[in-house]
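Peer 1: Got a structure for you, questions after.
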Amino acid sequence: MLDVDGVTGADLTTGTSSSFSKFVAGTVDCEAESSAAGLAVYDEAMREAVTLLHGLDESNTVIGGITGRMPDGTEFTPLELDPAFPTDDHRLDYVVAASLYPRYGLA
């Protein structure tokens, strides 16, 4: 993830939730001139994370806790990457890696 242009840092943790779901959570620091450019950086970082999980056959790993953050405090969540999520307030703990497979051309 750190090799993505515009990603200046990442603080991610992995674990298993109380419902025994695997998860990845934390922040990805995105350096960009605008919110739109920051979202594009976050999108590429998420592409790397989701592609890695796909390769490990970890499609049900929860990724909703990975937040992009810009220096001005602007934050991004996976909900902003796919307008097909059912509602604007879709629960982030329901967003799994497979949710973004279509976006990144994975099956």
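Peer 1: Out of all DSSP beta bridges in the chain, what portion is antiparallel? Express it as a percent rounded to 5.
Peer 2: 65
Peer 1: Any chance you could give the angle, 0 to 90 degrees and rounded to 10, that helix 35-55 forms with the longest Cα principal axis of the chain?
Peer 2: 30
Peer 1: Scattering from the C-alpha atoms of segment 39-107 alone, worked out with Debye: what is log10 I(q)/I(0) at q = 0.13, 0.29 1/Å?
Peer 2: -0.33, -1.46
None of the figures in this text is laboratory data; all of them are computed from the coordinates on show. Model, not experiment: these values are computed from the prediction.
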